[in-house]
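The values are calculated or read from the model by the stated rules, or taken from the named source; none is laboratory data. Predicted, not measured: the structure shown is a model, and the values here were computed from it. Reconstructed Cβ throughout: ideal geometry from the backbone, glycine too, with neighbour counts over all protein chains shown.
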Amino acid sequence: MTTSTGGFFMNILDLPVWLVGVLIVGGAAALGVALVYGLDVFVKQHRGEEHNQAISDGFQAVATMYAIVAGLLVFGVYTTFESSSQDSATEASTLVLMYRSAQAFPQPERDQAQQAVVAYIHSVIDDEWPALADGAGSPKTSEAMDHLFDVYNPMTPNDRWTDQYNRSVNDLGDVVKLRNERIDHARASLPPIYWFLLFAGGFVTLLYVALSYVQRRGMHALAVGLMATMVGLVIFLLLEVNHPFRGEIAVTKDNFENALTSISQIGAGQPK
């Protein structure tokens with residue numbers, strides 16, 4: 001993974017997911033069929049006893065390399081996507097713990113801490129989530145984070161609430177780390193060279209199959225079209241999860257909205 005806006009591929013994610021699927025998967029299948037019919041005359045002119053054997057040997061080598069490269073890329077990109085989802089859930093739950101721990105604080109520290117936590121969550125939802133779709137963090141959310149430190153740093157807890165304070169400070173450090181990871185994941189993107197390998201490798205793989213000689217051309221076109229569909233599906237999957245916070249298949253802000261719901265329930269039950 002690399003840090004890049006990947007403008008062209010990010011803009012594609014603004015299209016409906018079904019349309020992206022049709023364009024990529026359908027386009028790949030159409031290309032495969034077109035290769036069969038486009039190369040038909042050439043294949044018939046050069047077919048011989050050793051023709052299919054040579055094509056088969058080359059295809060096995062190319063297809064194996066392509067499968068390995070595509071598999072590694074899918075694993076890496078999907079791992080980042082899952083990590084983004086898990087980090088967001090952990091960050092939200094940690095903020096709820098901070099709010100709950102602040103119940104043990106005396107006034108006015110309790111209200112200051114809890115209000116700062118709620119303000120940060122609102123900023124993540126309202127300011128940072130739209131920015132993540134563009135591969136960036138939000139300056140307003142950074143200010144909300146700074147305010148949390150401004151609230152916690154001057155506190156001088158006594159023995160009655162030292163444990164809760166220390167736990168909250170540790171949780172705040174975790175929130176900082178999780179937020180940084182979330183922003184890093186939003187910026188991450190496959191380098192252009194990897195996209196070139198995916199498209200070029202897929203084309204070469206299909207070309208090898210299309211160059212083989214099959215007496216029944218319709219069956220040949222069907223086989224190549226199905227293989228092209230699989231190549232298209234791999235590229236479609238990578239494209240949709242390459243940017244974890246953009247598109248219809250994306251990490252949502254639901255965890256932070258649920259955190260606000262949990263906090264409102266905690267607040268309703270705490271003494272004034």
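Confirm whether S56 is small (G, A, S), closer than 30 Å to Y152 by Cα and either assigned to a helix (DSSP H, G or I) or modelled with pLDDT of 90 or more (or both). Judged against the criteria, S56 is not a match. Restrict the check to the range 251-270 and report whether at least one residue is over 30 Å from L97 (Cα atoms), assigned to a helix (DSSP H, G or I) and without any contact (Cβ under 8 Å) to a residue 24 or more places away in the chain. Within the range 251-270, none of the residues are over 30 Å from L97 (Cα atoms), assigned to a helix (DSSP H, G or I) and without any contact (Cβ under 8 Å) to a residue 24 or more places away in the chain. The residue pairs whose first member lies in the range 221-246 and is more than 26 Å from A131 (Cβ to Cβ), whose second member is crowded, with 21+ Cβ neighbours inside 10 Å and among the hydroxyl-bearing types (S, T, Y), and whose beta carbons are closer than 7 Å, counting only pairs six or more residues apart or on different chains, are V231/T205.
Being in a helix (DSSP H, G or I) and out of contact with any Phe, Trp or Tyr (no Cβ under 9 Å at 6 or more places or on another chain) holds for only one residue in A136, A89, and it is A89. Of everything in the range 184-242 that is at pLDDT 85 or above and charged (D, E, K, R), the residue that is surrounded by the most Cβ atoms within 10 Å (Cβ to Cβ) is E240.
Of the residues contained in the range 202-210, none is found to be under 27 Å from S85 (Cα atoms) and assigned to a helix (DSSP H, G or I). Quick check: anything in the range 66-76 aliphatic (A, V, I, L, M), crowded, with 20+ Cβ neighbours inside 10 Å, over 14 Å from I263 (Cβ atoms) and under 28 Å from the mean Cα position of the chain (by Cα)? The answer is yes, given that some residue of the range 66-76 is aliphatic (A, V, I, L, M), crowded, with 20+ Cβ neighbours inside 10 Å, over 14 Å from I263 (Cβ atoms) and under 28 Å from the mean Cα position of the chain (by Cα).
The set of residues in the range 101-119 that are in contact (Cβ under 8 Å) with a residue 40 or more places away in the chain and surrounded by 20 or more Cβ atoms within 10 Å (Cβ to Cβ) comprises S101, A102, F105, A113, Q114, V117. Of the residues that make up the range 189-201, is at least one within 30 Å of the chain's Cα centre (by Cα) and within 23 Å of A119 (Cβ to Cβ)? Checking the range 189-201: not a single residue is within 30 Å of the chain's Cα centre (by Cα) and within 23 Å of A119 (Cβ to Cβ). Restricting R179, R160 to residues that are in contact with a Gly (Cβ under 9 Å, 6 or more places away or on another chain) and either touching a residue at least 24 places away in the same chain (Cβ under 8 Å) or not in a helix (DSSP H, G or I) (or both) narrows the list to R179.
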